[in-house]
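Asks: The structure under discussion is supplied below as structure tokens; questions concerning it will follow.
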Amino acid sequence: MPASDDPLARERAHLASSRAALRAMREDVEALDIKDVTANWVNAVVLGRQIEDRIKALADLSHTPLFFGRLDYLHTTQEGQRFYIGRRHVHDAGGDPMVIDWRAPVSQPYYQASKKDPQDVGLRRRFGYTGGELTAYEDEHLSDPEELERTSRLLQAEIERPRVGPMRDIVATIQPEQDGIVRSDLSGTVCVQGGPGTGKTAVGLHRVAYLLYAHRERLARTGTLVIGPNRSFLHYIEQVLPALGELEVKQATVDDLVGGQVEVRGTDEAATAVLKGDARMAELLRRAVRSHVALPKESLMVVRGSRRWRVPAYELEEIVQELTDRDIRYGAAREALPQRIAHAVLVRMEQAGEAPDDRVQNAVARNTAVKAVVKECWPPVEPAKLVLRLLSDAEFLAEHAEGLFTEDEQKLLRWAKPARSVKTAKWSAADAVLVDEAQDLVERTHSLGHVVLDEAQDLSPMQYRAVGRRCTTGSATILGDLAQGTTPWATTSWAEALGHLGKPEAVVEELTAGFRVPREVIAYASRLLPHMSPGLAAVESVRENPGSLEIRHTDTLDRDVVAACAEALAHEGSIGLIAADARIAPLAEALTAAGLTYLSPGEETTAESRLTLVPASLAKGLEYDYVVLDEPAAVVDGEPDERTGLRRLYVALTRAVSGLTMLHSAPVPPQLEQV
Ligand SMILES: Nc1ncnc2c1ncn2[C@@H]1O[C@H](COP(=O)(O)OP(=O)(O)OP(=O)(O)O)[C@@H](O)[C@H]1O
């Protein structure tokens with residue numbers, strides 16, 4: 001068959017010319033000479049960096065196909081009729097598109113069109129690649145009533161592909177219900193509830209990429225942030241956005257966000273941490289900050305030259321009262337106060353026939369007598385010092401906690417040993433959140449354009465508030481699973497959480513199709529659901545490969561766990577050995593003794609180094625091709641209460657992509673028995 005008649009050959013030719021076009025685009029950028037256009041050194045550096053980023057974004061990565069799909073519309077539109085869909089836009093020398101960005105509106109039917117609703121699509125073609133080579137394609141004629149609907153083999157192969165290394169993007173296979181969330185508008189906050197492996201993280205990251213495409217300038221100005229539960233999780237996901245060409249998105253944990261003011265060196269008992277995370281703390285802090293405002297006792301006398309101007313105490317009182325009533329930050333009101341007082345002085349000057357201008361008003365505002373009034377009525381408040389006092393000084397706490405916290409609760413809140421200074425205090429993570437709240441009462445926190453919050457179910461109300469104030473003027477994507485909440489303050493209702501976040505109007509979407517965990521394994525793990533999160537639906541696995549689930553009883557646990565790891569290493573893909581935190585040290589020793597090298601979570605698995613030893617407390621959000629789960633009873637017992645223990649076990653049981661081997665010497669928790 002001549003190449004021109006062979007569709008695969010034609011597609012390969014299009015790939016080759018698209019690659020050449022991309023190379024040309026890159027060469028054009030590389031050839032840019034900025035000497036003539038940059039007037040100064042700063043501009044040159046900024047522009048130089050932008051060009052470097054652009055060159056990086058135009059790299060042709062051999063392992064990521066330039067396009068993964070094709071759409072042929074039934075009718076020609078202004079933009080054309082046939083489109084190749086890929087990770088980025090590529091055009092030829094004449095400016096005509098060779099590949100269309102997956103985020104462009106014309107690409108949307110690639111994800112959304114169906115036989116029921118073809119959206120003017122005649123043909124949808126998916127491409128299969130082997131090692132960077134285009135080797136297969138698969139067609140759907142959406143408008144052909146004769147053609148039967150069937151599951152795409154290429155899609156299935158992509159979902160079943162063994163995992164190794166960090167998280168990958170899913171642009172080629174985003175599902176319609178996921179696409180709806182990815183493309184939802186920047187103005188709205190979306191909350192996604194979904195069981196393990198339903199693609200919440202993937203959807204959140206692709207939503208950022210989409211929003212950056214659709215609102216590039218606005219978000220470049222305001223900024224975007226992805227919040228995850230810990231460093232190892234952030235490492236695991238950090239390559240997804242760069243692979244989609246987005247290099248500017250920041251990542252942080254909640255602790256990172258609030259950690260600027262104090263150094264966290266202490267911990268809290270669970271009951272204390274729960275209380276410190278309670279939304280009532282916000283009111284306590286508000287009262288404590290506002291308690292610094294005092295009404296003036298005496299009148300003010302401003303001397304300028306030979307004249308003296310007097311503002312009576314009742315008028316100063318009115319000014320202070322008016323600022324108290326207004327809903328502005330403590331610090332902003334403190335800055336406004338001298339000007340207000342100066343204004344009152346200026347009114348008197350005008351009444352006396354003078355014509356003072358702005359400079360006079362500014363000079364009066366800086367007058368020592370005015371400064372003294374400000375110091376007396378609106379003294380500066382240092383957030384960390386204020387929280388320190390609340391947690392150390394029983395009387396001060398009691399004064400502001402009245403009607404909010406009982407005496408017993410106040411006792412729980414107070415540090416056993418009062419701290420002397422901000423530097424030496426043993427701040428806990430929950431304390432840092434309080435300092436952040438107090439800081440915001442003094443000075444408004446900068447708001448970003450969009451924030452993605454992953455594993456949100458583990459946040460306390462005060463933590464939700466800390467995240468919420470970082471997107472007051474922007475929007476958010478909140479991702480979580482109520483069944484995976486393992487903190488003592490875990491979320492029980494999304495409506496409540498969204499209220500704390502300050503986005504009560506957000507829509508809650510649910511994802512139920514599972515892309516990670518094989519059917520048999522998810523069915524086994526879901527036996528726990530009625531015991532820990534009644535009412536939540538079990539995930540429906542879309543994987544065809546039933547996967548393997550093996551439960552082994554043993555009297556020589558360490559030895560057999562190591563053997564199971566060695567067995568798992570015979571398969572391709574990554575291996576996670578998950579165990580209760582207390583079991584990590586003995587297992588590490590056993591692995592080393594057996595000559596098996598292992599990584600810690602967050603370290604990248606590679607083809608050479610594929611085994612990770614994962615404490616159950618860090619397993620959330622991660623996935624491994626094969627999981628060996630050590631002693632489930634120890635995972636449950638590692639938590640302060642049974643429900644949290646079962647949830648921790650549920651997380652550990654749902655990390656596997658291809659197979660799970662569970663080994664136990666103690667009895668398996670009875671909740672896993674068949675009902
Ligand atoms: N549409 C899709 N096509 C292919 N793979 C997908 C798709 N959606 C999700 N996946 C894959 O499924 C796995 C689970 O996705 P992800 O980690 O986003 O789920 P999650 O809901 O955040 O899970 P968890 O609750 O355990 O944190 C990942 O490997 C992801 O790439």
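Matching residues to (1) part of a strand (DSSP E or B); (2) not polar (S, T, N, Q):
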position: S609; (1), (2): no, no
position: L622; (1), (2): no, yes
position: Y626; (1), (2): yes, yes
position: V636; (1), (2): no, yes
position: P640; (1), (2): no, yes
position: R643; (1), (2): no, yes
position: L646; (1), (2): no, yes
position: T661; (1), (2): yes, no
position: Q674; (1), (2): no, no
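Asks: For the stretch 180-204, which residues satisfy the criterion of being of a type in the set (K, R) and either outside the structural domain of T477 (by TED's automatic domain parsing) or surrounded by fewer than 22 Cβ atoms within 10 Å (Cβ to Cβ) (or both)?
Replies: R183
Asks: Looking at (1) of a type in the set (D, E, K, R); (2) closer than 23 Å to H664 by Cβ; (3) surrounded by 15 or more Cβ atoms within 10 Å (Cβ to Cβ), which is the one condition that is false for R543?
Replies: Single failed check for R543: (2).
Asks: Is there any pair linking a residue in the stretch 204-220 that is farther than 10 Å from T477 by Cβ to one that is surrounded by 18 or more Cβ atoms within 10 Å (Cβ to Cβ) and among the small types (G, A, S), with Cβ under 6 Å and at least six apart or on different chains, and which?
Replies: Taking only residues 6 or more apart or on different chains, the pairs are L219/G449.
Asks: Okay, moving on. Scan T224, T198 and give me the residue that is near the ligand (Cβ under 9 Å from one of its atoms) and touching a residue at least 60 places away in the same chain (Cβ under 8 Å).
Replies: T198
Asks: Here is a follow-up. How many residues does the stretch 143-170 hold that are closer than 18 Å to P65 by Cβ, more than 10 Å from the ligand (Cβ to nearest atom) and either in a loop (DSSP other than H, G, I, E, B) or modelled with pLDDT under 85 (or both)?
Replies: Qualifying residue count, the stretch 143-170: 2.
Asks: Looking only at the stretch 489-510, filter to residues that are of a type in the set (D, E) and not in a strand (DSSP E or B); which one of those is nearest to the ligand (Cβ to nearest atom)?
Replies: That would be E496.
Asks: Within the set of pairs 6+ apart or on separate chains, which have a first residue in the stretch 140-157 that is open to solvent by 50 Å² or more (accessible area, probe 1.4 Å), a second that is not charged (D, E, K, R), and C-beta atoms under 7 Å apart?
Replies: Final answer for the pair search is H141/G122; H141/L123; S143/L74; S143/P118; S143/G122.
Asks: What number of residues within the stretch 171-189 satisfy the criterion of being away from the ligand (no atom under 14 Å from the Cβ) and of a type in the set (A, V, I, L, M, F, W, C)?
Replies: 1
Asks: Would you confirm, using the coordinates I've provided, whether R207 is farther than 29 Å from L528 by Cα, crowded, with 18+ Cβ neighbours inside 10 Å and within 13 Å of the ligand (Cβ to nearest atom)?
Replies: yes
Asks: Sticking with this one: If T486 satisfies all but one of (1) out of contact with any helix residue (DSSP H, G or I) (no Cβ under 7 Å at 6 or more places or on another chain); (2) hydroxyl-bearing (S, T, Y); (3) within 16 Å of the ligand (Cβ to nearest atom), what's the number of the condition it fails?
Replies: It is condition (1) that T486 fails.
Asks: Taking into account only those residues within the stretch 604-638 that are open to solvent by 40 Å² or more (accessible area, probe 1.4 Å) and in contact (Cβ under 8 Å) with a residue 24 or more places away in the chain, which is nearest to T487 (Cα to Cα)?
Replies: For the stretch 604-638, the residue satisfying everything is S617.
Asks: With the requirement that a residue be basic (K, R) and within 11 Å of the ligand (Cβ to nearest atom), what does the stretch 511-543 give you?
Replies: Once the filter is applied, which keeps residues that are basic (K, R) and within 11 Å of the ligand (Cβ to nearest atom), the stretch 511-543 yields R516, R543.
Asks: While we're looking at this one, here's another question. Among residues belonging to the stretch 549-580 that are part of a helix (DSSP H, G or I) and open to solvent by 80 Å² or more (accessible area, probe 1.4 Å), point out the one that is farthest from G659 (Cα to Cα).
Replies: So, considering only residues that are part of a helix (DSSP H, G or I) and open to solvent by 80 Å² or more (accessible area, probe 1.4 Å), the one farthest from G659 (Cα to Cα) is R559.
Asks: Take the stretch 497-520 and flag every residue that is within 19 Å of V254 (Cα to Cα) and either without any contact (Cβ under 8 Å) to a residue 12 or more places away in the chain or among the hydroxyl-bearing types (S, T, Y) (or both).
Replies: Within the stretch 497-520, just G499 meets the criteria.
Asks: Just a yes or no: is a residue in the stretch 251-264 surrounded by fewer than 16 Cβ atoms within 10 Å (Cβ to Cβ) and more than 22 Å from the chain's Cα centre (by Cα)?
Replies: yes
The values are calculated or read from the model by the stated rules, or taken from the named source; none is laboratory data. Keep in mind that this is a model prediction, so the values were computed, not measured. Positions of Cβ are generated from backbone atoms using ideal geometry, with glycine treated the same way; all protein chains shown enter the neighbour counts. For accessibility, only protein heavy atoms count, side chains too; no ligands or nucleic acids. Shrake-Rupley method; radii C 1.70, N 1.55, O 1.52, S 1.80 Å.
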